[in-house]
Amino acid sequence: MFSDADAAALYDVLNPWDPDGRSDDGFYFPFVMGAESVLDVGCGTGAMLRLARERGHHGRLVGLDPDRAALKRARRRADVEWVEGVAAEAESGADFDLATMTGHAFQDLVTDHDVRASLAAIYGALRRGGRFVFETRHPQARAWEGWTPSNPDDVVDVVDEAGRALRYWHDVDSVVGDVVTIRGTVALPDGTVLRVFSESLRFLDVAALGEFLDGAGFEIEAQYGSWDREPVTASSREIITIARRR
C-alpha cells in the first residue's frame, strides 16, 4: 500500500524547502519574509510558510491547496492558516500584500477558464499594489523531453520517512498543443510499482501569459528567465513573473 499520506510525505522528501541551498526557494523567501500578509496558492504540505513562521514572520500566513493529505501535514503547524480549495477559491477582499505559486503550480491550470478564474480570484485577494509572484516552465526549453526513465537525471532514489527505499521517475503520455500529460511512478528499487500519479501541465509562452495577466488586471513588474534574475531569452528554462495588482 502507498497511501495519500505516504505520497504527501514523499513530496517533502523529494522537494525539501531550502532557501539557503536552492536558488528557486531563495528567490521566493525574501518576498515572503518582507510581506506583512502572504497567500501561498498551491501550498502543498506548507513547507514555505512553516519555515517563514519558524524564522520569525509575525504577519498573516495562509496556505491554499486542494490536496487534503498535503494539508494534513501542513496543519502540524497551527500558527498558519490552512485552507482546502483551488486557486479560483482564494479569499476575496483579504488584502494580502503577496500571493505566491511556487513549484510550477501555475502549470496545473490547464484550461483558459482555469487560468482566468484563478487569476481573477488571486487579484481579488490582493490589496491594491499587492504582488503575485510565480513561475512557469518556458515551453521553448521543452523540459518534458527529459522526463523519462531513460534519463538518469529523472530517476530519483530516496528513503522515505518510514525508512523505505523508493525510486521515482516520470513518463510522458501525451503532448497536445501546450498541454503535456505525464505519469509519476513510485516503485521499490526492484521495480515493483507502488503508485502511479497522472498530471497535466500547461506550458504558456511569454505572450500568452502576458495576455492572461493583463486581462485579469495585473501589471507585469518584472520577468526573469532564471532564478538569478537574468532576462527571459531564447535559451531560458523559466518564466518567473512578478505581477502587481493595479
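The values are calculated or read from the model by the stated rules, or taken from the named source; none is laboratory data. Everything numeric here is computed off the predicted structure, so don't read it as measured data. Here Cβ is always computed from backbone atoms with ideal geometry, including for glycine, and neighbour counts include all displayed protein chains. SASA here: full protein model, heavy atoms, side chains in, ligands and nucleic acids out. Shrake-Rupley method; radii C 1.70, N 1.55, O 1.52, S 1.80 Å.
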| query | If ALA99 satisfies every condition in (1) of a type in the set (Gly, Ala, Ser); (2) part of a loop (DSSP other than H, G, I, E, B); (3) crowded, with 22+ Cβ neighbours inside 10 Å but one, which is the exception? | reply | (2)
| task | Of the numbered conditions (1) in a helix (DSSP H, G or I); (2) open to solvent by 10 Å² or more (accessible area, probe 1.4 Å); (3) within 30 Å of ASP205 (Cα to Cα), MET48 fails exactly one; give the number of that condition. | result | (2)
| message | I'd like the residue in the stretch 142-194 that is acidic (Asp, Glu) and either assigned to a strand (DSSP E or B) or open to solvent by less than 80 Å² (accessible area, probe 1.4 Å) (or both) and, out of all such residues, is nearest to VAL206 (Cα to Cα). | response | ASP178
| task | Hey, could you check the stretch 98-144 for residues that are closer than 17 Å to ILE182 by Cβ and among the aliphatic types (A, V, I, L, M) and say which is farthest from the chain's Cα centre (by Cα)? | result | ALA141
| request: Scan the stretch 102-128 and report the pairs whose first residue is assigned to a helix (DSSP H, G or I) and whose second residue is crowded, with 16+ Cβ neighbours inside 10 Å and basic (Lys, Arg), with Cβ atoms within less than 7 Å and a gap of 6+ or a chain change. | output: GLN107/ARG137; GLN107/ARG202; TYR123/ARG245
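If you check ARG229 against the conditions, is it closer than 28 Å to ASP114 by Cβ and of a type in the set (Lys, Arg)?
Values: closer than 28 Å to ASP114 by Cβ: no; of a type in the set (Lys, Arg): yes.
For ARG229, the condition - closer than 28 Å to ASP114 by Cβ and of a type in the set (Lys, Arg) - is not met.
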| note | Taking the stretch 203-231 and keeping only residues that are in contact (Cβ under 8 Å) with a residue 40 or more places away in the chain, open to solvent by 30 Å² or more (accessible area, probe 1.4 Å) and in contact with an Asp or Glu (Cβ under 7 Å, 6 or more places away or on another chain), one is left with TRP227
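Is it true that LEU39 is in contact with a helix residue (DSSP H, G or I) (Cβ under 6 Å, 6 or more places away or on another chain) and within 25 Å of ALA222 (Cα to Cα)?
yes
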| note | Picked from the stretch 8-33 (must be assigned to a helix (DSSP H, G or I), open to solvent by 20 Å² or more (accessible area, probe 1.4 Å) and in contact (Cβ under 8 Å) with a residue 40 or more places away in the chain), the residue farthest from GLU221 (Cα to Cα) is VAL13
| message | It is to be established whether one or more residues within the stretch 58-69 are closer than 24 Å to ASP160 by Cα and assigned to a loop (DSSP other than H, G, I, E, B). | response | yes
| said: Condition (residue is modelled with pLDDT of 95 or more, part of a strand (DSSP E or B), surrounded by 15 or more Cβ atoms within 10 Å (Cβ to Cβ) and β-branched (Val, Ile, Thr)) applied to the stretch 132-140: is it met by at least one residue? | reply: yes
| said: Scan the stretch 217-231 and tell me whether some residue there is among the polar types (S, T, N, Q) and modelled with pLDDT under 95. | reply: no
| request: Hey, could you check the stretch 200-229 for residues that are of a type in the set (Gly, Ala, Ser) and outside any loop (DSSP other than H, G, I, E, B) and say which is farthest from VAL175 (Cα to Cα)? | output: ALA222
| field | Count of the stretch 70-91 residues which are more than 23 Å from GLY124 (Cα to Cα) and not in a helix (DSSP H, G or I) | value | 5
| query | Is there any pair with a first residue in the stretch 232-246 that is over 21 Å from PHE132 (Cβ atoms) and a second that is in a loop (DSSP other than H, G, I, E, B) and among the small types (Gly, Ala, Ser) whose Cβ atoms are under 6 Å apart and which are 6 or more apart or on different chains, and what are they? | reply | THR233/GLY225
